[in-house]
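One structure below.
The values are calculated or read from the model by the stated rules, or taken from the named source; none is laboratory data. Everything numeric in this text was worked out from a predicted model, so none of it was measured. With ideal geometry, Cβ positions are generated from the backbone for all residues, glycine too; neighbour counts draw on all protein chains shown.
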Amino acid sequence: MGKVFNKTNPPLSPFFKGGCKRDFGWGDAVMKKLKLFAILLLLTTVFYGCAGAPAKAPDVPKAALLSKASDSSKAATRKELSPALSNPSVHEVGFDIDDTILFSSPAFDKAYAGAEPYTEDFWKIVNASDGKVSHFKKKTVEILKAHQKKGHKIYLITSRNPAGGEALKKFLAGRLVIPEENILFSPSGKTELIKELGIDAFYGDSDSDMRCANEAGAMPLRIKRSPESGYKASYNPGCLDEYIIPDSE
Ligand SMILES: [Mg+2]
């Protein structure tokens, strides 16, 4: 015998009160509440999704942006070799020669052995010897090439005496693909020349290079001196708060 739904034999489900006819009873009230809840939920979503959402990203303090830029510049630097490479205001770039472009102690040793120090003969020997005994510094040349690739104008400025300097110019111009006239001797100081040439960033190993760059308003960038270098004076990396090129010894 089939089951009869009546008050004395209620169905298992409360939705089936009173025989086979569906009478939602308190179930109807629950459904109404659910519908109301769903409407409220929808309205809340619409409100916060449109009117409640901020019209634009909140303002970030300028200092925070600068610090972010400087962080990314540092990150770029690690990848790009030098901060001057990613700086859009850098167009003219200067490099010192001894202990920056060249490990030239052997050329100086040759001159010390062959002439009275710092006489014209001494400088003639130094300037004529680089092609035979000096070595290019790998990291600096890599940086120089990267600047050339960006279309930057390159200058080499040395405080060597110009006696016999044509040999040095020829050697460096040929190897680094730089016009000879961009290789300059400035034994009395580099500040004025850096300023006159409009150099934006200057690479050097000595404290004096960094000081000259600062005085001329150029970005000072320190190339580390090789521990094998015969020149030990004027070398305190970081003393002028300059950027030190990593692995540039
Ligand atoms: Mg030097």
Exercise. Of the numbered conditions (1) crowded, with 23+ Cβ neighbours inside 10 Å; (2) within 13 Å of the ligand (Cβ to nearest atom), ALA218 satisfies every one except a single condition; which is it?
Worked result: (2)
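Condition check ((1) touching a residue at least 24 places away in the same chain (Cβ under 8 Å); (2) assigned by TED's automatic domain parsing to the domain that holds GLY165; (3) away from the ligand (no atom under 13 Å from the Cβ)) across all residues:
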{"position": "LEU102", "(1), (2), (3)": "yes, yes, no"}
{"position": "ALA111", "(1), (2), (3)": "no, yes, yes"}
{"position": "GLU120", "(1), (2), (3)": "yes, yes, yes"}
{"position": "ASN127", "(1), (2), (3)": "yes, yes, yes"}
Exercise. Only one of (1) within 16 Å of the ligand (Cβ to nearest atom); (2) in contact (Cβ under 8 Å) with a residue 40 or more places away in the chain; (3) buried (at least 16 other Cβ atoms within 10 Å of the Cβ) fails for LEU197. Which number is that?
Worked result: (1)
Exercise. Which of (1) more than 26 Å from the chain's Cα centre (by Cα); (2) within 16 Å of the ligand (Cβ to nearest atom) is the odd one out, the single condition PRO237 does not satisfy?
Worked result: (1)
Exercise. Looking at ILE183, ILE245, which is the one that is under 23 Å from the mean Cα position of the chain (by Cα), among the β-branched types (Val, Ile, Thr) and within 16 Å of the ligand (Cβ to nearest atom)?
Worked result: ILE245
Exercise. Given (1) buried (at least 17 other Cβ atoms within 10 Å of the Cβ); (2) away from the ligand (no atom under 16 Å from the Cβ); (3) more than 20 Å from the chain's Cα centre (by Cα), where does HIS147 come up short, assuming only one miss?
Worked result: (3)
Problem set entry | Residue within the stretch 158-175 that is away from the ligand (no atom under 16 Å from the Cβ) and touching a residue at least 60 places away in the same chain (Cβ under 8 Å) present | no
